[in-house]
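The values are calculated or read from the model by the stated rules, or taken from the named source; none is laboratory data. Quantities reported herein were computed from a predicted structural model and do not represent experimental measurements. Cβ sites come from the backbone with ideal geometry, for glycine too, and all protein chains shown count toward neighbours. SASA here: full protein model, heavy atoms, side chains in, ligands and nucleic acids out. Shrake-Rupley method; radii C 1.70, N 1.55, O 1.52, S 1.80 Å.
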Amino acid sequence: MAEIRSTDRGILFSGTLTLDSIAALETQISQLLHDHSVTTLQVDLSQVTAVDTAGAVFLHRLPQIGRQVGKDLTITPLPTEELQHFYTFITAAERAESIPPTAVNWLEQVGEQLLQSKERWATFLYLMSDLTWAAIATLFRRSGIRRDSFADQAIAIGSQGLPIIALILFLIGAVMALQATAQLRKFGANIFVADLLAVSLTRELGPLMTAIIISGRSGSAIAAEIATMKFTEELDALQTMAINPLRFVAVPKLWAMLLCVPLLTIMADFFGILGGTFVAVAAFDISPQAFIDQVIGSLFLKDVLTGLIKSFSFGWIITIIAVYRGLEFSGGASGVGQATTASVVTSLFGIIFLDSAWGLLFYMR
Amino acid sequence: MKRIIGIDNLAVAYGEHLVLKDIDLQVEEGERLIVLGGSGCGKSTLLKSIIGLTPIHAGRIEIFDAEPAHLPELERDALLRRLGVMFQYGALLNSLTVGENLALPLEMHTDLSPALVEDIVRTRLHLVGLDQAYALLPAELSGGMRKRAALARAMVLDPEILFCDEPGAGLDPVTAAEIDHLLLTVNQSLGITLIIVTHELLSIERLDGRLIMLDQGEVVFTGTVAQAKTSDLPVVAHFFNPGASRP
């Protein structure tokens with residue numbers, strides 16, 4: 001361990017000036033220098049036995065510490081040639097002057113943000129059209145879609161996503177039935193809970209909830225995969241092999257999403273109505289046959305079809321946004337996280353926007 | 001010279017596949033040991049086994065007369081602080097600046113004041129010629145700068161042994177030579193023991209240390225660069241003269 005103490009002429013260091021001991025010396029030295037009666041002090045290093053980088057840097061800093069307390073320090077050489085060589089080798093780096101950031105006024109900042117946003121929108125719209133066109137064109141190519149990749153994606157999005165969608169929609173259907181029946185029974189209209197469930201699930205909740213779950217589950221996975229591929233230069237490698245990386249990677253994902261989201265929506269509608277039926281039968285004494293008849297009677301083909309058209313468009317926008325966010329990735333591991341988060345948040349906005357647009361188109365009279 | 005690493009009868013397997021077998025190796029203080037061999041021969045696995053990243057299948061590894069695998073956690077951490085590792089791709093934390101990357105081990109392991117930590121970091125960056133990179137993010141560095149920053153981070157706790165996995169891989173010849181020069185400097189001026197995994201012939205000649213050559217998971221040659229160049233062993237001869245017909 002290291003020690004410092006005052007002598008008549010200055011300060012005496014002894015022991016090992018290494019990483020483990022410097023912190024303690026740092027706290028003592030200023031006080032020791034301050035308390036010394038002499039203004040010009042000699043720092044005696046003759047009893048130092050070892051020095052590492054931290055020790056050498058500390059010794060280099062001593063004159064500066066001395067000046068802070070109004071003392072002038074003279075440092076004696078270290079006792080051995082080896083230690084002196086090390087001390088000389090470790091030259092304390094000059095602190096670079098930090099350049100203050102150029103002040104930018106708020107108007108310039110707004111302008112820059114607008115320009116960047118314009119560029120981002122242009123890139124997004126180009127990607128949207130390019131990927132959509134590439135997906136359609138693939139159908140007419142002899143080579144077609146990459147079947148292995150398409151099947152893998154369809155399994156990941158569709159069959160592996162089904163259990164969570166089934167469970168969530170079953171519970172939503174049950175809760176809706178519970179809340180609605182509690183109100184409708186006041187008017188003796190219990191049975192109309194079937195109409196409410198069937199119409200709201202097929203038109204709105206089924207497609208919307210499915211899309212929200214898929215954007216969190218599969219959209220984020222697509223964004224993370226593409227971001228990682230960009231990070232590890234896999235996309236660049238594809239490009240050097242004259243393969244369009246975007247089409248190669250994204251088109252099978254887009255088709256898998258376009259197929260699976262509507263299918264999952266049908267299953268979501270089914271499980272939602274099943275949850276409602278369960279509550280109606282178990283808690284409100286409605287016969288299963290009457291409930292199912294009421295559901296079938298209340299539904300029009302248009303309700304189911306508009307739900308499916310919506311879900312098809314949701315699948316499309318989720319994929320486009322996920323690919324865009326993945327490609328927009330920059331930085332390292334944290335960049336991948338940001339890309340996935342951005343993908344989910346933007347997808348939610350895209351889904352709600354499209355849902356509103358379809359709502360206006362289908363039901364505004 | 002004092003022995004600081006001793007490996008006896010080491011075997012490492014990935015599942016059923018034996019990657020290293022019957023490895024016996026001694027490393028002395030202050031020496032430069034170069035582990036070489038073709039791709040997939042087990043070089044990086046040997047390095048990762050020594051630093052404890054890959055579990056060993058059989059045998060014994062001693063560092064500073066202690067077996068890291070059998071040490072209590074605190075003692076093992078203390079031992080690891082005496083080692084520095086420069087990863088093949090730098091492995092700098094991308095969310096931190098270069099300065100923060102270097103300061104991290106100092107902040108985690110010592111109570112030094114922020115000003116002194118900054119000075120130590122800047123001194124290390126100065127040593128590797130990256131004075132201007134203190135506030136830059138790893139993503140803003142070139143490949144060579146990233147390697148230099150990784151070297152600076154590996155040395156920030158003044159390790160006694162520095163492990164380098166493919167220090168020149170992916171770099172242009174000039175930058176690779178600069179990295180080798182830096183490694184020689186830290187070995188000769190700071191007395192740090194170097195264990196370098198590489199298959200770059202120019203780098204091997206520049207570093208001019210003791211060689212051990214691996215082939216299919218076994219040590220097939222130990223000696224100097226000059227001895228390797230004149231070796232009759234077909235694997236060694238082919239490695240140093242790849243234009244010749246394969247053994």
*Using DSSP loop states and a limit of at most 15 other Cβ atoms within 10 Å to flag GluC sites (Glu not before Pro), what is the longest stretch of chain A containing no flagged site?*
A:98-232
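Could you state how much accessible area is buried at the B-A interface, both sides summed, with a 1.4 Å probe, in Å² to the nearest 100?
Details: alone 12090 and 20470 Å², together 30560 Å².
Interface between B and A: roughly 2000 Å².
Quick one: pull the percentage of alpha-carbon pairs in chain A with a separation above 34 Å. Walk me through the numbers on the way to the answer.
Details: 36990 of 66430 pairs.
That fraction is 56 percent.
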_Overall Cα dimensions of the range A:140-251, principal axis frame, Å, largest first_ = 70, 32, 18
*asked:* So, taking all protein chains as they sit and a 1.4 Å probe, how much accessible area belongs to residue A:34, in Å² rounded to tens?
replied: 110 Å²
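Can you tell me the dipole magnitude for chain A around its Cα centre, using point charges on the Cβ only (Lys, Arg +1; Asp, Glu -1), in Debye to the nearest 20?
Numbers: 23 positive and 30 negative charges, 345 e Å.
The calculation lands at about 1660 debye.
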*Shielding of B:109-118 by partners, i.e. mean partner chain Cβ atoms within 10 Å per residue?*
4
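List the longest stretch of chain A that has no exposed loop site; here a site is one of the chymotrypsin sites (Phe, Trp or Tyr not before Pro) assigned by DSSP to anything other than H, G, I, E or B, with at most 16 other Cβ within 10 Å.
Numbers: sites that count: A:140, A:300.
With chymotrypsin sites (Phe, Trp or Tyr not before Pro) excluded where exposed in loops, chain A gives A:141-299 as its longest stretch.
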*What is the Cα coordinate range of chain B on the first, second and third principal axes, sorted by size from largest, in whole angstrom?*
57, 44, 37
*At what distance in nm do the modelled label points of residue A:133 and residue A:38 sit from each other, each positioned 7 Å from its Cα along Cα→Cβ?*
8.5 nm
_Simple label model, 7 Å out from Cα along Cβ direction - residue B:139 to residue B:77, nm_ = 3.1 nm
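Given chain A, what percent of its DSSP beta bridges are antiparallel, to the nearest 5?
Bridges in chain A that DSSP calls antiparallel: roughly 25 percent.
On the accessible surface of the range A:121-363, probed at 1.4 Å, how many percent belong to carbon and sulfur atoms? Write out the running numbers ahead of the final one.
Details: 8340 of 11690 Å².
Whole-percent figure for carbon plus sulfur exposure: 71.
When DSSP beta bridges are limited to those with both residues in chain B, what percentage is antiparallel, rounded to the nearest 5?
Values: 19 of 36 bridges.
Of the beta bridges lying entirely in chain B, close to 55 percent run antiparallel.
Per residue and in cubic angstrom, what volume does the convex hull of the Cα atoms of the protein assembly as shown have? Working shown, then result.
On the way: hull volume 162.8 nm³, N = 612.
Spread over its residues, the Cα hull of the protein assembly as shown gives 266 Å³ apiece.
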